[in-house]
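Below is one structure, written out as structure tokens; the observations come after it.
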Amino acid sequence: MAEFLTDKPAKLERAFLVGVQTDKMADGEGAELLLELKELVENLRISVSRTELVNLRRPTPAFLLGSGKAEELVALAKADGADVIVFDEALTPAQQRNWEELSGLAVIDRQEVILEIFSDRAHTREATLQVALARMEYSLPRLTRAWTHLSRQRGKGSMGGEGETQLENDRRTVRDRIAHLKEELKKVVQQRDVQRRKRQRVPIPTCAIVGYTNAGKSTLLNTLTGAQVLAADKLFATLDPTTRQLVLRGNQKLLVTDTVGFIRRLPHGLVEAFKATLEEVIVADFLVHVLDVTNPNVDHHHATTLSVLGELGAVDKTIVTVFNKSDAATPEMIARARRLVPDALFVSALTRAGLDTLEARCLELIAEAHSATELMVPHGRYDVIARLHAVGHVQSEEQLDDGVRLRGRYPPTQAAFFAPFVVT
């Protein structure tokens with residue numbers, strides 16, 4: 001079972017979920033988010049005993065909700081035999097502490113649930129470091145909760161109590177750990193930069209697959225490239241970016257990267273922590289935005305992804321919007337998707353339907369980035385032809401008496417090598 005950041009029970013088995021609907025939210029948005037929270041909690045193998053949606057006019061500093069409503073929810077949670085109350089809304093450290101004192105149960109919020117899922121799914125060193133950093137930064141202002149029982153043991157004079165001393169020691173330890181993690185992440189990012197520069201020495205166009213979690217990004221990468229990335233029907237099945245080569249028509253190569261899925265109310269600390277992973281989005285030549293056409297909240301998922309791309313400074317990149325799972329879509333779902341993004345493509349990563357159209361669109365974007373050039377290569381310089389096949393794209397090739405005439409594209413960094421063979 002899940003083990004959380006502070007001194008909660010080692011095993012959490014039954015959760016009581018609380019969502020809120022405020023005046024600033026669209027009608028029904030609170031209920032949608034609460035359903036999403038239920039799926040998040042169940043991803044931690046914790047059963048949900050009950051979900052309660054509360055209409056919140058004005059938040060209170062003590063409990064977020066009114067004290068009467070708080071007591072009512074605590075009574076329901078205890079009657080259900082729940083051992084953790086989970087809020088869809090972010091709680092301040094003080095509110096979290098007040099709820100735990102009132103209920104005698106563990107109390108967490110959506111951020112802590114997402115952190116726990118990310119911790120469970122991180123495998124590479126980079127992802128592990130990023131999750132650890134986000135967890136430490138989240139836990140720092142909440143350390144008081146772990147030492148409430150010691151804070152009552154007051155010492156004499158100016159020394160303070162045992163709890164106060166231990167709390168300061170813990171804060172110092174966490175701050176040191178945060179500094180150490182940031183240094184480790186810098187080294188990992190430098191290693192990624194070195195790997196990226198090596199790829200760019202033989203430049204190949206790149207694209208990054210982005211989208212809401214569980215939209216089918218990893219399945220699409222697997223189907224396109226034959227990769228073996230874990231593709232499961234659950235939120236955040238994969239956290240680590242995976243890059244594979246896709247060979248398009250005419251031997252045009254394209255590097256495709258699968259990225260971590262986005263979600264509404266993704267903790268800001270995680271966006272910051274995962275910027276290193278999401279750098280592949282920033283440096284990609286274009287993006288493939290994957291949406292689940294069958295999901296009733298697809299419009300919210302579309303907006304969430306664009307919002308996160310905005311935070312990353314990548315919203316102005318060329319984006320190919322792809323509605324996945326078209327094999328399971330009804331005509332009404334297709335019509336709704338067309339209204340949302342009129343020029344989108346419809347594919348099924350499962351059945352390969354529409355993937356030829358997606359590949360053709362990728363070729364068009366590569367062609368727009370690199371204009372075609374005519375080359376005349378003597379018969380004795382087949383190494384030039386081989387290099388054009390390796391680093392660029394050959395559109396046509398014609399054998400003539402005095403050499404081979406080619407039409408193709410290559411990256412600007414290769415212009416000096418091919419210049420002697422360009423037909424003016």
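Below are the figures for this structure:
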{"read-out": "For Lys253, distant residues with modelled amide H under 5 Å away", "value": "Leu248"}
{"read-out": "Over 22 Å between alpha carbons, listed pairs Lys182/Lys217; Lys182/Lys317; Lys24/Lys69; Lys217/Lys317; Lys253/Lys317", "value": "Lys182/Lys217; Lys182/Lys317"}
{"read-out": "Amide H partners (placed H, <5 Å) of Gln21, local residues excluded", "value": "Val54, Asn55, Leu56"}
{"read-out": "Cα-projected label distance for Asp176 with Thr92, points at 7 Å along beta-carbon direction, nm", "value": "3.1"}
{"read-out": "Using a Förster distance of 25 Å, the FRET efficiency for Glu397-Asp343 (Cβ separation, nearest 0.05)", "value": "0.15"}
{"read-out": "Ranked list, fewest to most other Cβ atoms within 10 Å of each Cβ, for Glu398, Glu359, Glu311", "value": "Glu398, Glu311, Glu359"}
{"read-out": "Residue-span extension gain [Ala367 to Lys186] - 0.36 nm each, minus C-alpha spacing", "value": "61.6 nm"}
{"read-out": "Net length gained if the chain between Glu72 and Asp356 were fully extended (0.36 nm per residue, minus Cα distance)", "value": "96.6 nm"}
{"read-out": "Computed lengthening from Arg407 to Arg50, 0.36 nm per intervening residue step minus Cα-Cα distance", "value": "122.0 nm"}
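The numbers here are math on the coordinates, done by the rules we state, and not lab data. The model shown is predicted, which means the values in this text are computed figures rather than measured ones. Cβ sites come from the backbone with ideal geometry, for glycine too, and all protein chains shown count toward neighbours.
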